[in-house]
2 protein chains.
Amino acid sequence: MEKPTLPKGTRDFGPVVMAKRQFIFENIRKVFQKYGFQPLETPAMENLSTLTGKYGEEGDQLLFKILNTGDFLKDVDNQKLEARNSKLITSNISEKGLRYDLTVPFARYVVMNRNEISFPFKRYQIQPVWRADRPQKGRYREFYQCDADVVGTNSLICEAEIILMIKEVFKGLGIQDYSIKINHRGILSGIAEYIKAVNETALFVAIDKLDKIGEDGVRQELLTKGFDDASITTLFKILSVKGSATNKIAFLAAHLDTTQHGMNGLRDLQEVLNILKSYGATIDHVDFDIALARGLSYYTGCIFEVKINNVAIGSVSGGGRYDNLTQSFGDKENLSGVGFSFGVDRIYDAMEELKLFPKNAQVSSTVLVCHFDDESFHYGLGVLTQLRSAGIASEIYPDQAKLKKQLDFANKKGISYTIVIGSEEVKSGSLPFKDMEKGEQEKITIDQIISKLQR
Amino acid sequence: MEKPTLPKGTRDFGPVVMAKRQFIFENIRKVFQKYGFQPLETPAMENLSTLTGKYGEEGDQLLFKILNTGDFLKDVDNQKLEARNSKLITSNISEKGLRYDLTVPFARYVVMNRNEISFPFKRYQIQPVWRADRPQKGRYREFYQCDADVVGTNSLICEAEIILMIKEVFKGLGIQDYSIKINHRGILSGIAEYIKAVNETALFVAIDKLDKIGEDGVRQELLTKGFDDASITTLFKILSVKGSATNKIAFLAAHLDTTQHGMNGLRDLQEVLNILKSYGATIDHVDFDIALARGLSYYTGCIFEVKINNVAIGSVSGGGRYDNLTQSFGDKENLSGVGFSFGVDRIYDAMEELKLFPKNAQVSSTVLVCHFDDESFHYGLGVLTQLRSAGIASEIYPDQAKLKKQLDFANKKGISYTIVIGSEEVKSGSLPFKDMEKGEQEKITIDQIISKLQR
């Protein structure tokens, strides 16, 4: 029989990795809750009618689809079957797919529960998503997203609080060198209007690549899209502005003052900065990046993207304001929303690279009780009960084994302390309590051990 | 456009339900970790070669299968396609399925990581599983399992600790009236031998139904399976024994003394009771139930099942010892293991029925900051920062709105306290701090508010 394998692009998370992941998740969850976000979970499977058409054509192809149960071929048209057209037949044999992100299920939830929800609704959601992408380093077919969104308010404090939450999460994780890039779709539209762009979409796609392909690359791309030299030269004059956010806003305001969208965007951005000030927060890490466009998706206001500096990992968080969340489900009265998402797998990789995890991170017992014979084993069970009653995670080596084997087990499992019990200890109650890392040992009573560990 | 729906048998968990579920999960996780179990997570998708054949024929049919991506019909045999045989074609168009339980993925993990794991290995796993079962009350197509298993030791302290963990979890949840049924496959085999059963499997299947179909039903079923009257009469004589576990063990030992399996089972059971005593634990709630058989699956030693009394809900936890966990993956050196699982969805339903959840359980902010105008709004942002810096979950109503609307929002979201800020408060710093449940209000400073809430 062949050894079993994992589907490609998927992973097991053993105890050591789980401890580090839980550290990240708990940090994010704590911050989300501190800011008033409430938890939501949606099913892994959604109807394909919910998912299809929401992520563009490429996204549709990356959906994992669930084969209908039972005789799934029963109602399939003979002609279709004979044509052997996989694409055409899919909708006949599959009705459900795996969640591709957390935003569409959230929109579906809001539409289905509109009357019960009290708006503004702040929800967070921490769950895996699945994409049939080609697996590669840092790209998986199953990965976690941690989303927080507010729907039902236009208030720019939501944008400001996204910045505050990112800062607080990174502080908790010990990540110090990072940039929160912020821009506004209105500003981008204003620039498009100002440079008389022949195609707004092409402009956004091109400047979003500035980081990767440089000024020459963007110029080349825009030329092929029909932009003239004058437009492109003006564009780069705009994009070249340096200095503080306040400087950039003043510079742009002088140029975009005839564009409604541009001025709205600048006003929003300024207001976000003012609100941050009222919070007593600094704008460390905040970088107004005029070239940030965040693809083409549904954003309509402020947009965000977070990069950790000095690691070869893409953005670890991103988001923005959208005005059409529920429209795709036929909702007429659109709700404005704003949200962002942490990519835990990338944050994990960055923290590994920066060596930010504690050395022996492992969810493990604090104490291992070791024993020499049946008498000390049974005595040890009582010791164990006392430790656990005091809330101390602990265990006893379950078999009769040489002491060396028992201590090796403690070391491998990352257990911090051992108590070794022999007939002497059963008589005296004075127990050798050893700090496995320091190698120090002292003979004390179980009560003393407990009060030491509770300190 | 139609309103979106959920796939049948699946559920969303909104904030109120999530709070209650998290309460159960955290309780279980805490106990697992206190007993030295370490977390593991495996992917939702497994290769069908891993899953198929592990759950019997019925189980195989309940697997959710993932359609291969791309042109999945490309390599399908023409003949098969024309035969329109869904069953035959499945393996050609689907290679992966969704996890059906947590035991098989755990076995796969152990086999794949055998050289890195230090045994005995105690792992816990809290993840959803999927079954294409017909949905009905209390039966879902996506539901969570919480498993804890130890592999690599025969020690009966594992069995004893399962009992201790169940007791500790139920204590934490406030569930007081329940029974932990325990039996041993060896005892059942001994009984089969003693009554000269013509078919051991048929015997176990029949007596497992004693609860549901009664003595007459079991007798009828055994007769149709070829058991004679004498066998059946002897069986019921054995099953009729009443009294304490010690009584039952003595009674059975007198009858099964010629059966090796039976005596082994009784010895194990007695040892588990002895170990519990060494732990200083009582045997409250523990019920030696000779008719407990737990289906036909892979158990080889002690078996467990937990029922909450006075609720119309099946067993909420079960498990046992198995000796062949990794055999199905071609592992020659079999590892003995013992484990159990909590069914969170059923525990949830039982706790609802018994009204064990706190009245306003909701993951929500502790404080809502309310405001009258732009000045008090910006002042409120500073108040908010102070609250959050002290670790107090809090939020500000994000829009300008009438006070009544802001207070209604606090009530609906289950926020415990409000601070209402107007121009008076901005000047004096004396803030009206209101307990929303009691309706009591006092004017105090933000520092006083914080120290009150931290108490």
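The values are calculated or read from the model by the stated rules, or taken from the named source; none is laboratory data. Remember, it's a predicted structure, so these values are computed and weren't measured experimentally. Note that we place each Cβ from the backbone using ideal geometry, even for glycine, and neighbour counts take in every protein chain shown.
Suppose we keep only residues that are within 28 Å of B:Gly9 (Cβ to Cβ) and among the hydrophobic types (A, V, I, L, M, F, W, C) within segment A:1-36. Which one would you say is farthest from the other protein chains (Cβ to nearest Cβ)?
Once the filter is applied, the top-ranked residue is A:Phe25.
Residue check: is A:Arg321 crowded, with 17+ Cβ neighbours inside 10 Å, over 28 Å from B:Leu387 (Cα atoms) and basic (Lys, Arg)?
Details: crowded, with 17+ Cβ neighbours inside 10 Å: yes; over 28 Å from B:Leu387 (Cα atoms): no; basic (Lys, Arg): yes.
For A:Arg321, the condition - crowded, with 17+ Cβ neighbours inside 10 Å, over 28 Å from B:Leu387 (Cα atoms) and basic (Lys, Arg) - is not met.
Taking the conditions exactly as written (β-branched (Val, Ile, Thr) and farther than 27 Å from B:Met165 by Cβ), does A:Ile419 satisfy them or not? Show your work before the answer.
Numbers: β-branched (Val, Ile, Thr): yes; farther than 27 Å from B:Met165 by Cβ: no.
So A:Ile419 fails the test.
Give segment B:82-109 a look and list any residue that's aliphatic (A, V, I, L, M) and modelled with pLDDT of 95 or more, or say none. Outline the logic, then answer.
Just the residues of segment B:82-109 that are aliphatic (A, V, I, L, M), to begin with: B:83, B:88-89, B:93, B:98, B:102, B:104, B:107.
Listed by number, the residues that qualify are B:Leu98, B:Leu102.
Within segment B:388-437, which residues are of a type in the set (S, T, N, Q) and closer than 29 Å to A:Asn27 by Cβ?
Correct list: B:Ser389, B:Ser394, B:Ser416, B:Thr418.
Does A:Asn85 satisfy the condition of being out of contact with any Gly (no Cβ under 9 Å at 6 or more places or on another chain), surrounded by fewer than 15 Cβ atoms within 10 Å (Cβ to Cβ) and under 30 Å from B:Ala401 (Cα atoms)? Steps first, answer last, please.
Working: out of contact with any Gly (no Cβ under 9 Å at 6 or more places or on another chain): yes; surrounded by fewer than 15 Cβ atoms within 10 Å (Cβ to Cβ): yes; under 30 Å from B:Ala401 (Cα atoms): no.
No.
Output the residues belonging to segment B:386-398 that are at negative phi and either among the small types (Gly, Ala, Ser) or surrounded by fewer than 17 Cβ atoms within 10 Å (Cβ to Cβ) (or both).
In the first step, residues of segment B:386-398 are kept if they are at negative phi; the result is B:386-390, B:392-398.
Within segment B:386-398, B:Gln386, B:Ser389, B:Ala390, B:Ala393, B:Ser394 qualify.
Considering only residues that are farther than 29 Å from A:Val169 by Cβ, out of contact with any Lys or Arg (no Cβ under 8 Å at 6 or more places or on another chain) and without any contact (Cβ under 8 Å) to a residue 60 or more places away in the chain, look in segment A:37-67 and name the one that is farthest from the other protein chains (Cβ to nearest Cβ).
A:Gly56
Taking the criterion of being on the phi < 0 side of the Ramachandran plot, more than 9 Å from chain A (Cβ to nearest Cβ) and β-branched (Val, Ile, Thr), would at least one residue in segment B:105-120 satisfy it?
Of segment B:105-120, the ones on the phi < 0 side of the Ramachandran plot are B:105-120.
Add one more test, that the residue is more than 9 Å from chain A (Cβ to nearest Cβ), and what stays is B:106, B:110, B:114-115.
Next, from what is left, pick out any that are β-branched (Val, Ile, Thr): B:110.
Within segment B:105-120 (the criterion being on the phi < 0 side of the Ramachandran plot, more than 9 Å from chain A (Cβ to nearest Cβ) and β-branched (Val, Ile, Thr)), the answer is yes, since at least one residue qualifies.
Yes or no: A:Ile207 buried (at least 17 other Cβ atoms within 10 Å of the Cβ), aliphatic (A, V, I, L, M) and at pLDDT 95 or above? So that I can check it myself, show each step before the final result.
Working: buried (at least 17 other Cβ atoms within 10 Å of the Cβ): yes; aliphatic (A, V, I, L, M): yes; at pLDDT 95 or above: no.
When the stated conditions are applied, A:Ile207 does not pass them.
Find the strands (runs of 3 or more DSSP E) located wholly in segment B:305-416 whose residues include 3 or more that are in contact (Cβ under 8 Å) with a residue 60 or more places away in the chain, and list them.
Values: elements: B:317-322, B:337-343, B:367-371, B:394-396.
By residue number, B:317-322, B:337-343.
When A:Val16 is evaluated against the numbered criteria (1) in a loop (DSSP other than H, G, I, E, B); (2) at pLDDT below 95, which criterion, by number, is the only one it fails?
Result: A:Val16 passes all but (1).
If you scan segment B:376-397, which residues turn out to be touching a Gly at 6+ places or on another chain (Cβ under 9 Å) and more than 13 Å from B:Leu453 (Cβ to Cβ)?
Passing the criteria: B:Ser376, B:Leu381, B:Gly382, B:Thr385, B:Glu395, B:Ile396, B:Tyr397.
Report the residue count in segment A:161-209 for those that are assigned to a loop (DSSP other than H, G, I, E, B) and basic (Lys, Arg). Break it down into steps so the answer makes sense when it comes.
Filtering segment A:161-209 down to residues assigned to a loop (DSSP other than H, G, I, E, B) leaves A:174-177, A:195-199, A:209.
Narrowing the set further to residues that are basic (Lys, Arg) leaves A:196, A:209.
Selection size over segment A:161-209: 2.
For B:Ile232, are the conditions met, namely being assigned by TED's automatic domain parsing to the domain that holds B:His285 and under 33 Å from the mean Cα position of the chain (by Cα)?
Numbers: assigned by TED's automatic domain parsing to the domain that holds B:His285: yes; under 33 Å from the mean Cα position of the chain (by Cα): no.
No: the conditions fail for B:Ile232.
Which one of these is crowded, with 18+ Cβ neighbours inside 10 Å and either of a type outside the set (S, T, N, Q) or touching a residue at least 12 places away in the same chain (Cβ under 8 Å) (or both): B:Leu235, B:Leu223? Spell out how you get there, then give the answer.
Values: B:Leu223 fails: crowded, with 18+ Cβ neighbours inside 10 Å.
Testing whether each residue is crowded, with 18+ Cβ neighbours inside 10 Å and either of a type outside the set (S, T, N, Q) or touching a residue at least 12 places away in the same chain (Cβ under 8 Å) (or both) leaves just B:Leu235.
Of the numbered conditions (1) among the charged types (D, E, K, R); (2) facing chain B (nearest Cβ under 10 Å); (3) closer than 20 Å to B:Leu276 by Cα, A:Glu375 satisfies every one except a single condition; which is it?
Only one criterion in (1) among the charged types (D, E, K, R); (2) facing chain B (nearest Cβ under 10 Å); (3) closer than 20 Å to B:Leu276 by Cα is unmet by A:Glu375, namely (2).
Which of the following residues is without any contact (Cβ under 8 Å) to a residue 24 or more places away in the chain, of a type outside the set (Gly, Ala, Ser) and in the same structural domain as B:Asp211 (by TED's automatic domain parsing): B:Thr282, B:Thr300? Walk me through how you get there before you give the answer.
On the way: B:Thr300 fails: without any contact (Cβ under 8 Å) to a residue 24 or more places away in the chain.
Answer to the check: B:Thr282.
For segment A:155-168, how many residues are touching a helix residue (DSSP H, G or I) at 6+ places or on another chain (Cβ under 7 Å), among the acidic types (Asp, Glu) and within 10 Å of chain B (Cβ to nearest Cβ)? Can you show your working first?
At the first step, the residues of segment A:155-168 found to be touching a helix residue (DSSP H, G or I) at 6+ places or on another chain (Cβ under 7 Å) are A:156-157, A:159-160, A:163, A:165, A:168.
Next cut, among the acidic types (Asp, Glu) only: A:159, A:168.
Next cut, within 10 Å of chain B (Cβ to nearest Cβ) only: A:168.
Adding up the residues that qualify gives 1.
Can you name the residue in segment A:2-30 that is β-branched (Val, Ile, Thr) and over 15 Å from the mean Cα position of the chain (by Cα) and is also surrounded by the most Cβ atoms within 10 Å (Cβ to Cβ) among such residues? Step through it out loud before you land on a result.
Here is the first cut: in segment A:2-30, the ones β-branched (Val, Ile, Thr) are A:5, A:10, A:16-17, A:24, A:28.
In the following step, the residues that additionally are over 15 Å from the mean Cα position of the chain (by Cα) were identified as A:5, A:10, A:16-17.
Numbers: A:Thr5: 12, A:Thr10: 20, A:Val16: 17, A:Val17: 18.
By that ranking, first place goes to A:Thr10.
Quick check: is even one residue across segment A:143-154 crowded, with 23+ Cβ neighbours inside 10 Å, at the interface with chain B (Cβ under 10 Å from one of its Cβ atoms), more than 13 Å from the chain's Cα centre (by Cα) and in contact (Cβ under 8 Å) with a residue 60 or more places away in the chain?
Taking every residue of segment A:143-154 in turn, at least one turns out to be crowded, with 23+ Cβ neighbours inside 10 Å, at the interface with chain B (Cβ under 10 Å from one of its Cβ atoms), more than 13 Å from the chain's Cα centre (by Cα) and in contact (Cβ under 8 Å) with a residue 60 or more places away in the chain.
Return only the number of the condition from (1) within 12 Å of chain A (Cβ to nearest Cβ); (2) in contact with a Cys (Cβ under 7 Å, 6 or more places away or on another chain) that B:Gly414 does not satisfy.
(2)
Filter segment B:399-455 for residues that are at positive phi and touching a Ser or Thr at 6+ places or on another chain (Cβ under 9 Å) and give the result. Break it down into steps so the answer makes sense when it comes.
As a first pass, look at segment B:399-455 and keep what is at positive phi: B:414, B:429, B:439.
The answer is B:Gly414, B:Gly429.
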